[in-house]
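The values are calculated or read from the model by the stated rules, or taken from the named source; none is laboratory data. Values in this document were obtained by computation on a predicted structure and should not be read as measured data. Neighbour counts are summed over all protein chains in view; Cβ atoms, including those assigned to glycine, are modelled from backbone coordinates with ideal geometry. All accessible areas refer to the heavy atoms of the entire protein, side chains included, with ligands and DNA or RNA removed. Shrake-Rupley method; radii C 1.70, N 1.55, O 1.52, S 1.80 Å.
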Amino acid sequence: MRIAVLGAGLIGGYVGGRLAAAGADVTFIGRPRQIDVLRETGLTLSDLDERRVVIPPGKLALATEAAALADADMILLTVKSPATEGAAADIAAHARPGTPVVSLQNGVSNPERLRALLADHPVIAGMVPFNVAEPAPGHVHQGTSGHIAIEDRPETAPLVPLFAAAGLPLDLHSDMLAVAWAKLLINLNNAINALSGLPLAAQLADRDYRRCFALCQREALKLMAAAGIVPAQLGPLPPSRMPFMLSLPDWLFRRLSRRGGTPKIDRLARSSMADDLVARRKTEVDYINGEVVALARRLGRTAPVNARVIELIRAREAGGPAMTGAALRAALRRAA
Ligand SMILES: NC(=O)C1=CN([C@@H]2O[C@H](COP(=O)(O)OP(=O)(O)OC[C@H]3O[C@@H](n4cnc5c(N)ncnc54)[C@H](OP(=O)(O)O)[C@@H]3O)[C@@H](O)[C@H]2O)C=CC1
Ligand SMILES: CC(C)(CO)C(=O)C(=O)O
């Protein structure tokens with residue numbers, strides 16, 4: 001099976017790289033600036049267990065043109081949410097009709113947006129739970145753990161042995177929307193992390209930032225309950241208990257985290273939204289916190305905390321400074 005990774009960034013590089021390192025036929029399609037680096041340095045993959053694999057440039061199939069999609073039997077889509085429409089246009093123009101497209105993106109709307117644009121392709125929802133950092137150009141590092149989730153459909157069956165061979169734990173789910181909403185609850189920290197300017201481990205060690213995260217989650221959980229959305233349980237805690245855990249004093253949070261209440265986090269890891277700010281790209285905030293605001297609107301309600309987070313991210317996108325936990329918490333409490 002020929003796999004095309006469309007969007008050879010962090011997730012595309014890591015997931016595609018692990019598959020390629022295990023012998024899968026993977027072509028990486030990306031921007032010239034990404035592909036040039038891979039052509040020069042090859043792809044280095046590492047993880048929290050100190051596994052390290054280097055795929056030399058000569059062993060990587062690389063392309064900067066979407067025309068390379070024509071050879072694919074399966075497309076793994078790993079672009080950020082604002083780039084979904086552009087990627088869909090590339091797929092519609094170049095991929096063979098019927099080629100399945102697996103969205104490995106955050107947010108709850110990408111599969112639906114893709115389905116509206118790609119009538120000739122099965123669109124399959126996926127979710128990557130772990131963080132990928134880039135310690136150096138051409139080096140992607142898995143900085144947290146977890147099982148990738150993919151919709152359980154006949155088209156996904158060929159991926160199961162490939163992910164197993166790559167050592168990437170894969171769970172097949174029948175209700176990916178529940179998984180996507182559960183991941184969105186976790187991704188509500190992406191903006192808090194981006195506003196903090198800190199790595200995830202340092203930011204989550206600070207109770208003020210955790211309480212900001214909890215404020216965003218509580219607002220989202222209330223609206224989801226009102227809309228009848230039941231998020232899946234992805235970790236050791238049911239989603240409804242997460243705001244309580246996050247609000248605990250530092251010493252108790254640390255103790256419970258050590259007992260497995262939260263995943264291990266590499267000291268380098270930061271949220272993908274923080275990466276976007278550093279790279280001066282438009283963030284995915286509209287597809288994460290924006291979904292909470294949109295849900296509120298559909299219910300005839302408001303989501304002032306998540307709406308305020310969006311405003312603060314806009315200010316950061318425009319070059320504004322990072323915020324301390326105390327300042328951010330004060331801003332969100334004023335909005336609530
Ligand atoms: N990074 C992480 O730790 C995690 C990320 N995710 C999610 O995974 C998805 C991908 O994130 P991530 O890997 O971090 O993103 P990256 O920005 O690292 O990678 C995406 C790459 O795709 C490129 N791209 C966009 N459109 C096209 C196109 N039409 N053709 C070719 N290349 C294209 C982008 O270029 P350009 O910048 O020019 O658009 C960018 O280089 C997001 O939805 C994110 O939220 C999920 C879990 C963890
Ligand atoms: C893994 C996690 C939750 C945090 O890094 C993420 O999804 C992201 O950064 O977008």
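Data table
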quantity	calculated
Meets criteria (within 16 Å of ligand 2 (Cβ to nearest atom) and either exposed (fewer than 15 other Cβ atoms within 10 Å of the Cβ) or under 25 Å from Pro154 (Cα atoms) (or both)) for Val102	no
Residues being among the hydrophobic types (A, V, I, L, M, F, W, C) and in contact with a Phe, Trp or Tyr (Cβ under 7 Å, 6 or more places away or on another chain) - total across the stretch 187-206	2
The stretch 239-264, subset open to solvent by less than 50 Å² (accessible area, probe 1.4 Å) and within 20 Å of the chain's Cα centre (by Cα), residue modelled with the lowest pLDDT	Thr262
Residue match in the stretch 117-129 (condition: buried (at least 20 other Cβ atoms within 10 Å of the Cβ) and within 9 Å of ligand 1 (Cβ to nearest atom))	yes
Near pairs, Cβ below 6 angstrom, 6+ apart or cross-chain, from the stretch 78-91 (in the same structural domain as Gly12 (by TED's automatic domain parsing) and within 14 Å of ligand 2 (Cβ to nearest atom)) to any residue that is open to solvent by less than 50 Å² (accessible area, probe 1.4 Å) and basic (Lys, Arg)	none
Wholly within the stretch 133-249, strands (runs of 3 or more DSSP E) carrying at least 3 residues that are touching a residue at least 60 places away in the same chain (Cβ under 8 Å) and not assigned by TED's automatic domain parsing to the domain that holds Glu112	none
Which listed residue is buried (at least 23 other Cβ atoms within 10 Å of the Cβ), at pLDDT 95 or above and part of a helix (DSSP H, G or I), from Arg18, Arg39, Arg33, Arg113	Arg18
Residue satisfying all of: in the stretch 52-87; touching a Leu at 6+ places or on another chain (Cβ under 8 Å) and open to solvent by 40 Å² or more (accessible area, probe 1.4 Å); nearest to Gly98 (Cα to Cα) among these	Glu85
